[in-house]
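The values are calculated or read from the model by the stated rules, or taken from the named source; none is laboratory data. Source: prediction; values computed, not measured. All Cβ positions, glycine included, derive from the backbone under ideal geometry; neighbour counts span all protein chains shown.
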């Protein structure tokens with residue numbers, strides 16, 4: 001074989017090998033993208049499903065404008081007629097003279113306005129700042145609670161609720177974050193002057209752990225579920241007042257840190273009904 005023919009064949013083989021290598025790399029890249037695309041699709045489906053179970057919590061009075069006044073977020077669990085929220089979201093008193101009622105607002109897909117449904121207080125636990133509400137009539141799709149003992153630092157989560165709901169209205173928004181720490185809430189104060197009655201109650205109930213998230217939640221997010229992006233299982237409940245009052249007393253503006261009560265506290269409250 002002449003040297004010229006050998007060179008031509010060598011070039012052809014080299015091109016073929018490069019072509020095969022390029023095809024193999026493209027296939028590997030596509031294979032790597034498939035799980036990512038699948039997870040993204042799962043996350044989109046999960047958010048759509050969870051939003052059907054998230055409600056705005058407030059009060060309703062036909063004689064005022066607006067008739068529904070927003071207080072915070074809640075979500076449906078159990079039999080579809082039980083709603084979880086923060087205890088501090090609920091008003092201390094209702095205006096009986098105007099028949100003011102505790103209520104939820106639900107924005108159904110395609111509807112131009114929210115549907116308001118009356119609810120009743122069922123259980124309140126001041127120690128964990130959680131409350132259960134009872135819904136009459138047709139049940140709503142419930143969310144599943146997951147054992148929060150299995151939650152680990154570094155785990156991705158989503159938050160769906162109504163940030164600034166009194167301003168932006170009852171349109172649920174979703175934010176993503178990560179469990180950045182699992183930290184005790186019962187932290188002793190620097191001096192006796194810092195011990196108000198709420199802090200004393202917290203300290204006397206004993207230390208327990210809460211989830212710290214690297215996500216910013218806003219007033220209105222109190223009571224929002226934090227959940228697994230792929231399954232929609234609820235891992236905890238956002239708390240914007242009770243926990244932050246102990247953990248970050250000096251902070252009055254959103255700090256990029258959000259706290260959540262583990263779902264185990266919700267499960268305990270449900271079992272006590």
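Among the residues making up the range 96-113, those that are at pLDDT below 85 and part of a loop (DSSP other than H, G, I, E, B) are 107, 108, 109, 110, 111, 112, 113.
For the criterion of being at pLDDT 85 or above, in contact with a helix residue (DSSP H, G or I) (Cβ under 8 Å, 6 or more places away or on another chain) and surrounded by fewer than 16 Cβ atoms within 10 Å (Cβ to Cβ), residue 141 passes.
The C-beta contact set for the range 129-157 (first residue in contact (Cβ under 8 Å) with a residue 24 or more places away in the chain, second residue surrounded by fewer than 12 Cβ atoms within 10 Å (Cβ to Cβ), distance under 6 angstrom, 6+ apart or interchain) comprises 134/120.
Restricting the search to strands (runs of 3 or more DSSP E) fully inside the range 153-242 and requiring at least 1 residues that are surrounded by 23 or more Cβ atoms within 10 Å (Cβ to Cβ) and modelled with pLDDT of 95 or more gives 156-161, 225-227, 234-239. Of the residues making up the range 65-85, those that are in a loop (DSSP other than H, G, I, E, B) and either assigned by TED's automatic domain parsing to the domain that holds residue 262 or out of contact with any helix residue (DSSP H, G or I) (no Cβ under 7 Å at 6 or more places or on another chain) (or both) are 65, 66, 67, 79, 80, 81.
Only one of the numbered conditions (1) in contact with a helix residue (DSSP H, G or I) (Cβ under 9 Å, 6 or more places away or on another chain); (2) part of a strand (DSSP E or B) is not met by residue 133, and that is (1).
The residues on offer are 125, 42, 97, and the sole one that is surrounded by fewer than 18 Cβ atoms within 10 Å (Cβ to Cβ) and within 24 Å of residue 174 (Cα to Cα) is 42. For the range 136-151, a residue qualifies if it is more than 11 Å from residue 77 (Cα to Cα), part of a loop (DSSP other than H, G, I, E, B) and within 16 Å of the chain's Cα centre (by Cα), and the qualifying residues are 146, 147, 151.
Just one of the numbered conditions (1) buried (at least 18 other Cβ atoms within 10 Å of the Cβ); (2) in a strand (DSSP E or B) is not true of residue 88: (2).
Based on this model, can you work out whether residue 104 counts as over 26 Å from residue 185 (Cα atoms) and either surrounded by fewer than 16 Cβ atoms within 10 Å (Cβ to Cβ) or touching a residue at least 24 places away in the same chain (Cβ under 8 Å) (or both)? Yes; evaluated as a whole, the condition is true for this residue.
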